[in-house]
Amino acid sequence: MREFGARACLIVLLSASSLEAEELPLTRNVPIPDFQNRTENATPYNFDAPPEGMFRRIVLAEGFDEELGFQRTHEIVPVAPTEQFTAGPKPIFIVFELHQHYQSFQVFGRCYPDPDTATGGLPVVAEDAMYIALEDQTGYLKLLPTEGTWKPGRYKVEIHAGEQINDMSLMGTMRFTITAASEFDVPAKSQ
């Protein structure tokens, strides 16, 4: 008797679920573009602006410090972030923090005179690269002028990520200004 009751209960449950499934309304055929990203809502990526995407933060600075992070990792933090530097031999640092990544790669910085203010061709004034390991979340690029000293003017740094620099590796650009050294910055001459 119990077996008959269990079978009857199972049949009632299965038939009730099939009845409910038949009563559900069918959805209309929706065109594929309704499920895709609409082009009118998407903004194009600006390669002539500071990089976004994998960079959580990226700044120009006069230096950097290395601190111990809360997960006991070495974090590189900017010292005196600015976009204006004085002429001279001091390096310019680009300090960045990355979102989580699942592969090692390199970050490249290639510095040119700003095309809006430069005359003639655009020679590479400074460049650097940093290898980012899987566990790295911060890093820096150290830009030293190839001629030994920064000349006053406006400069543009192309930021690339990948294994080499090419058209596809460009992530964005950063700009900074070098101002003439004031009389206080120039060391006194010994007599």
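Throughout, read-outs are computed from the coordinates displayed, never taken from laboratory work. Keep in mind it's a predicted model, so treat the numbers as computed, not measured. Here the Cβ positions follow ideal geometry from the backbone for every residue, glycine too, while neighbour counts run over all protein chains shown.
Couple of notes before you dig in:
- Residues listed by number, region 128-151, amide nitrogen under 20 Å from GLU163 label point at 7 Å toward C-beta: 129-136
- DSSP bridge pairs, region 55-179: antiparallel proportion in percent, nearest 5: 95
- Per-residue packing, averaged as other Cβ atoms within 10 Å, sorts the ranges 54-62, 143-151 into the order 54-62, 143-151, beginning with the highest.
- Full-stretch length increase - ASN41, TYR102 - with 0.36 nm per residue and alpha-carbon distance subtracted: 19.0 nm
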